[in-house]
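One structure is given below, encoded as structure tokens.
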Amino acid sequence: MILTGDIGGTHTRLALFERGERRSEPEVEEVFSSAEHASLEEILQIFAENNGQKIERACFGVAGPVRDGVAQLSNLSWNVDALRLAAQLKVANVELVNDLEALAHGLAVLEEVDLVILNQGDPGRGGNKALIAAGTGLGEAGLHWEEEYYQPFATEGGHVDFAPTNPLEIELLSYLFTQYEHVSYERVLSGPGLHNILTFLVKTGRGEEPAWLQHLQGKDPGALITQAALEGSSAPCVEALRIFVGIYGSEAANLALKVMATGGVYVGGGIAPRIIKQLQGAAFMQSFLAKARMATLLEAVPVRVIMNDRTALYGAARIARFGVRLGQHAANGK
């Protein structure tokens, strides 16, 4: 069996796959609250006790930079070491990659039903692709064309400087400078980022904070703000989500320009499927195309939202089978 994991600041999702080459659904899948456990090793021990399968290969996508098989998660106080995990699992080696790299590998096995089109575009053959995903944090990755297949690569682009595009966003940036030493895109494009936007609106007299937001007791404020915005039960939450969507479109275009993603931009992460109606509205694509001389180029870029929340697990399974360099296997679509 192949053991895969999608390790994030909020949830750790583990799954077991058969060793077959094409896409398959997990034989076993469990989701854990990351913050309730001291380490990934602790969760793996619980998973092993629940599922007595023999593991032959393993790959984990983690929300943070990976260097020499070691990762310090960006939004969780875990240190993850591939050698340590291999010893615990009793396998020859464990592939440890950035979670967006795993997600990017999973794109190859998605079907049309797994995607929602925001912009049809006109992709050029062999053009690079880009992936942006807001959740507990903000992840970004690219895929470059290697003659016969797409090879993903990780970035930490979510931590670059936030660049406002209108007077309101300039005020937002100024407010966030009073809260953080460095204001990155992750400070606005994430679950906590949505909370930051709402707090800014409240602190600058643009609405009253919902009473329930003051008594969260460990709950996820981003998820509750999103729910209130979708229900229309709080005007400041609605406005916060509107601002969020606009910034999301702008940064998706920034990423597309940086990697020349004429092959397409994919929007992933846990937030996008929940706000799909808002992403399908005018604000996202208006911000995406608001790049003056580059607007014509961006009009041709396909933009799609990933609706399948197992995509990173599919990608991790592909890496476990073939390694991070996909080579001819990917060219054949296996």
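Of all residues in segment 52-65, how many are in contact with a helix residue (DSSP H, G or I) (Cβ under 8 Å, 6 or more places away or on another chain) and farther than 15 Å from H159 by Cβ?
Of the residues in segment 52-65, 7 are in contact with a helix residue (DSSP H, G or I) (Cβ under 8 Å, 6 or more places away or on another chain) and farther than 15 Å from H159 by Cβ.
Look at G158 and say whether it is among the small types (G, A, S), out of contact with any Ser or Thr (no Cβ under 8 Å at 6 or more places or on another chain), open to solvent by less than 40 Å² (accessible area, probe 1.4 Å) and outside any loop (DSSP other than H, G, I, E, B).
Working: among the small types (G, A, S): yes; out of contact with any Ser or Thr (no Cβ under 8 Å at 6 or more places or on another chain): no; open to solvent by less than 40 Å² (accessible area, probe 1.4 Å): yes; outside any loop (DSSP other than H, G, I, E, B): yes.
Answer is no for this residue.
Out of (1) surrounded by fewer than 22 Cβ atoms within 10 Å (Cβ to Cβ); (2) more than 18 Å from D81 (Cα to Cα); (3) of a type in the set (A, V, I, L, M), what's the single condition that is false for A38?
Failing condition for A38: (2).
Among (1) more than 21 Å from G139 (Cα to Cα); (2) surrounded by 20 or more Cβ atoms within 10 Å (Cβ to Cβ), there is one condition K203 misses while meeting the rest; what is its number?
Result: K203 fails condition (2) only.
If W212 passes every condition in (1) modelled with pLDDT of 95 or more; (2) not in a loop (DSSP other than H, G, I, E, B) but one, which one does it miss?
So the condition that W212 fails would be (1).
Yes or no, residue by residue, for (1) exposed (fewer than 14 other Cβ atoms within 10 Å of the Cβ); (2) over 17 Å from the mean Cα position of the chain (by Cα); (3) touching a residue at least 60 places away in the same chain (Cβ under 8 Å); (4) outside any helix (DSSP H, G or I):
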site	(1), (2), (3), (4)
N196	no, yes, no, no
G207	no, yes, no, yes
V238	no, yes, no, no
Y248	no, no, yes, no
A283	no, yes, no, no
Q286	yes, yes, no, no
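How many of the residues making up segment 288-310 are touching a residue at least 60 places away in the same chain (Cβ under 8 Å) and over 22 Å from I225 (Cα atoms)?
Selection size over segment 288-310: 10.
Pull out all pairs, ordered by first then second residue, where Cβ-Cβ is under 8 Å, the residues are six or more apart or on different chains, the first lies in segment 75-89 and is open to solvent by less than 60 Å² (accessible area, probe 1.4 Å), and the second is basic (K, R).
Qualifying pairs under 8 Å: none.
Looking for something open to solvent by 60 Å² or more (accessible area, probe 1.4 Å), in contact with a helix residue (DSSP H, G or I) (Cβ under 7 Å, 6 or more places away or on another chain) and in a helix (DSSP H, G or I) - is there at least one such residue anywhere in segment 104-126? Steps first, please.
Filtering segment 104-126 for residues open to solvent by 60 Å² or more (accessible area, probe 1.4 Å) gives 108, 111-113, 117, 120, 122-123, 125.
Subset that is in contact with a helix residue (DSSP H, G or I) (Cβ under 7 Å, 6 or more places away or on another chain): 108.
Now drop any that are not in a helix (DSSP H, G or I), which leaves 108.
Looking through segment 104-126, at least one residue is open to solvent by 60 Å² or more (accessible area, probe 1.4 Å), in contact with a helix residue (DSSP H, G or I) (Cβ under 7 Å, 6 or more places away or on another chain) and in a helix (DSSP H, G or I).
Only residues that are under 30 Å from K277 (Cβ atoms) and open to solvent by less than 40 Å² (accessible area, probe 1.4 Å): list them for segment 305-326, please.
Taking segment 305-326 first, the residues under 30 Å from K277 (Cβ atoms) are 305-316.
Within segment 305-326, V305, I306, N308, T311, A312, L313, Y314, G315, A316 meet the criteria.
Those residues that are in a strand (DSSP E or B) and under 19 Å from the mean Cα position of the chain (by Cα), I need them from segment 68-77; list them, please.
Across segment 68-77, the qualifying residues are A71, Q72.
Let me confirm something: among V80, V91, V31, V97, which residue is assigned to a strand (DSSP E or B), of a type outside the set (K, R) and farther than 29 Å from R304 by Cα?
Numbers: V91 fails: assigned to a strand (DSSP E or B); V31 fails: farther than 29 Å from R304 by Cα; V97 fails: farther than 29 Å from R304 by Cα.
V80 is the lone residue from the list that is assigned to a strand (DSSP E or B), of a type outside the set (K, R) and farther than 29 Å from R304 by Cα.
Any residue in segment 168-187 that is part of a helix (DSSP H, G or I) sitting within a Cβ distance under 6 Å of a residue that is of a type in the set (D, E, K, R)? List the pairs, counting only those 6 or more apart or interchain.
The qualifying pairs are L176/R187; Y185/E251.
Condition first: in contact with a Phe, Trp or Tyr (Cβ under 9 Å, 6 or more places away or on another chain), buried (at least 18 other Cβ atoms within 10 Å of the Cβ) and basic (K, R). Can you find one or more residues in segment 7-15 that meet it?
Yes, segment 7-15 contains at least one residue that is in contact with a Phe, Trp or Tyr (Cβ under 9 Å, 6 or more places away or on another chain), buried (at least 18 other Cβ atoms within 10 Å of the Cβ) and basic (K, R).
Given the conditions (1) closer than 20 Å to G281 by Cα; (2) touching a helix residue (DSSP H, G or I) at 6+ places or on another chain (Cβ under 7 Å); (3) in a helix (DSSP H, G or I), which single one is not true for N254?
The failed condition is (2).
Report whether or not A133 is among the small types (G, A, S), touching a Leu at 6+ places or on another chain (Cβ under 7 Å), at pLDDT 95 or above and not in a helix (DSSP H, G or I). Talk me through it step by step, then tell me what you get.
Working: among the small types (G, A, S): yes; touching a Leu at 6+ places or on another chain (Cβ under 7 Å): yes; at pLDDT 95 or above: yes; not in a helix (DSSP H, G or I): yes.
Yes.
The values are calculated or read from the model by the stated rules, or taken from the named source; none is laboratory data. Small disclaimer: the values here were computed from a predicted structure and weren't measured. Every residue, glycine among them, receives a Cβ derived from its backbone with ideal geometry; neighbour counts consider all protein chains shown. Protein only, heavy atoms only, side chains kept; ligands, DNA and RNA dropped before computing areas. Shrake-Rupley method; radii C 1.70, N 1.55, O 1.52, S 1.80 Å.
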